[in-house]
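Here the structure is laid out as structure tokens; the discussion comes afterwards.
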Amino acid sequence: VRVIPFTQLGDSWNAANGMMEALSWRPDAPRPEFERVIGISKREYVGDMIHLRTKMGRRLFVTADHPMVARIDGQEPEVVLAGDLTEQHWLPLAIGDPLHNELSPDSASMLDAIEPAGLEPSQVILRLAADQAAFAPLVDSALPTHRRYDSRRSHTMRLDEAGLIDLPLTGSMCGTTTNGTYVPLKLPLNERTWEAIGLYLAEGHISTDGQRRRTCWSFHPTNEEHLVEFVANTWRSLGIKTTVRRLTTARQVSISSRLFASIFEHVLGVGTSCYNHRIPDLAWTAAEDERQALLRGLWSGDGSWSYVNGGPSVVLEYGTVSRELADGMVRMFATLGIVARLKVGRVAKSTVDTYWLSISGADQIEDALWLLEPHERPVVRASIDKQAKRIAPTGYRMDDKATAWVRVVDVQREHVEQTVYSAEVVHNHTIVTSFGLVAHNCFPKDTRAMVKIAENAGYDFNLLKGVVVVNDEQRERMVTKVETAVGGDLNGKVISAWGLTFKANTDDIRDSPAIAVITELQARGAIVRAYDPQVKSHPSIDVGADAYGIVDGADALIVLTEWDEFRWLDLEEVKRRLAHAHIVDTRNLLDRSAALRLGFTYQGVGR
């Protein structure tokens, strides 16, 4: 999971051989989700561009004919062209942590830092752990005699030599000079190290002196000794040589290591100075408490809290000159359910903009107390507890579906001749842009809404009307396949359905084709039993707790959602449990050849 600008979409698409997903938003869904990108476009555009600015500081720059999801207060969401938006419209914000298949990263590999550091494996020295040093003499006969002797004497070995003899690397420390700084071959990523990385983003930089590179944290000379100790002790506990020294205007913690600097700059990708700091890509799949630790480190370095008009209301504030860092922080807060306000300004004598994040509202402050240092939390809590009334958050509104909306406050037109980019995302047909603001694709999911827009503009959009009809016919065709499999009459037949959500790795069933197919099966008299890994109940569908259990005695099985766990279920067990061995696989997910060998009648799609 990573954040990239639209200008890089084409290169990323090609590098991924077209297998790319983008963060997308679905109306009334509880959280954004990753959806497959099915097309990237780049074109020269002559016409009006629309500068949109909303409450909470969100901004977007789109073509005038680009469709947007919007609503007017008290009305249902609709698709509106960007050029038709007014200050009466509200736009959706993507709030919540998307479901994904990625495991929370537990480490970053120093091996990935070697090449970006300009090093060869022969230039990397391994300091062997005790078990490695004991094992090496059993397998080091392939090394030259003098290197074998040196390795056994010093308990070190060069990385290329370890590769030559297949020496297990777990537990090794590595460095580039015999008496230099050694770092773990795998840098652990846990709450403590994430917090230290957050402090680097707030207070750190990487300096270069010839071939020497230092990763540094700079703190107040007297008032932040606890932060100095935290950072120094974090890295020392991993066996990394860490220096603490007093400079004229700061207390500095530093690590002199080309490998350590390279893993920060190139593997974590956190930047080298306050101007290019950014949230590391690995953080997007980190566990919730680890993301909190990263943001807490940032806040401990450059964040603050203060009373509003003397109290009791409180506001939390953070400032950075890195737009990329501000963008990432706003989105990361959103994964934790917190809506931060963004303000852009330039302080006196500064040559660059500063991005100010603020969190306000008693409920949000209460939810974000983990940002503050332990001694600050009771003070802030006591203050907000004095508020006689907790007002609704300002700047955005949550509807009854837990969707956040922000009001458009400014719409500016500019005539341009420039390159524009877009991405088409399946199912939702929306994409989450900078700071969490949602933009529609060029082809909305609600094709009927696009037909309406076209008709209002005087066009008879026959092609898109055809798409609507084809979508409806496709669902009808799936039901007919099941009907055929069970002998032509669904009345009283028991049908097992795997999948209820509209795609895998989401818990959202709204407007799901799977639900539409099941509803039609029921309308034709079928008794449907369903299972989905994320859906435990449904008001009109019998939902079971086990994928095998729902097929007991069924007349047919229909696969409706491409959950990976369905792919690996035991088809022999499924056949034993079914009354009749019929499968309709609407996702072409199962192994067709294996199903046929076992004696199933198997129907896929497009085969």
- Note on the structure: the stretch 33-146: Kirkwood hydrodynamic radius (Cα pairs, Å) comes out at 21.1 Å
- Taking every Cα atom in the stretch 143-248, find the radius of gyration and the maximum pairwise distance Dmax, and write them in Å. 17.3, 56
- Item | Over the stretch 188-322: Kirkwood hydrodynamic radius from C-alpha pairwise inverse distances, Å | 15.5 Å
- Message: P(r) for the stretch 122-180, please, calculated from all Cα pair distances in 5 Å bins and given in %.
- Response: 4, 21, 37, 28, 10, 1
- Projected area averaged over all directions for the convex hull of the alpha carbon atoms of the stretch 282-437, nm², comes out at 13.2 nm²
- Expressed as cubic angstrom per residue, what is the convex hull volume of the alpha carbon set of the stretch 76-116? 214 Å³
- Query: What FRET efficiency comes out for the pair Gln534/Ile38, r = Cβ-Cβ distance, R0 = 25 Å, nearest 0.05?
  - Reply: 0.60
- Message: Can you compute the charge dipole magnitude of the stretch 184-307 about its Cα centre, using +1 on each Lys and Arg Cβ and -1 on each Asp and Glu Cβ, nothing else charged? Give it in debye, rounded to the nearest 20.
- Response: 600 debye
- Arrange the peptides 191-203, 558-570, 271-283 so that the one whose residues have, on average, the most other Cβ atoms within 10 Å appears first. 191-203, 271-283, 558-570
- What base-10 log of the normalised intensity I(q)/I(0) is obtained for the stretch 321-376 from the Debye formula, alpha carbons as equal point scatterers, at q = 0.15, 0.20, 0.28 Å⁻¹? -0.51, -0.80, -1.11
- Note on the structure: If each part is reduced to its alpha-carbon centroid, the stretch 2-80 and the stretch 534-550 end up apart, in Å, by 34 Å
- Message: Kirkwood hydrodynamic radius, computed over distinct alpha-carbon pairs, for the stretch 260-326: how many Å, to one decimal?
- Response: 13.5 Å
- Query: If you take the C-alpha gyration tensor of the chain, multiply each eigenvalue by 5 and take the square root, what semi-axes do you get, largest first, in whole Å?
  - Reply: 47, 37, 23
- Query: Where does each of 428-436, 123-131 land if you order them by average Cβ count within 10 Å, highest first?
  - Reply: 428-436, 123-131
- Based on a Kirkwood Rh over C-alpha pairs, give the Stokes-Einstein translational diffusion coefficient of the stretch 530-602 at 4 °C and viscosity 1.567 mPa s in µm²/s. 103 µm²/s
- Query: Per the helix-only calculation at 222 nm, which mean residue ellipticity applies to the chain, given -39500 (n - 2.57) for every DSSP H run of n ≥ 4 and division by its residues, nearest 500 deg cm²/dmol?
  - Reply: -8000 deg cm²/dmol
- Expressed as a whole number of Å, what is the distance separating the alpha-carbon centroids of the stretch 239-311 and the stretch 566-607? 51 Å
- Note on the structure: Of every hundred units of 1.4 Å-probe accessible area on the stretch 288-433, the number belonging to carbon and sulfur atoms, as a percent, is 47 percent
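The values are calculated or read from the model by the stated rules, or taken from the named source; none is laboratory data. Treat the numbers as computed from the prediction; the structure is a model and nothing was measured. Cβ sites come from the backbone with ideal geometry, for glycine too, and all protein chains shown count toward neighbours. We work out accessible area using only protein heavy atoms, side chains counted, and drop any ligands, DNA or RNA first. Shrake-Rupley method; radii C 1.70, N 1.55, O 1.52, S 1.80 Å.
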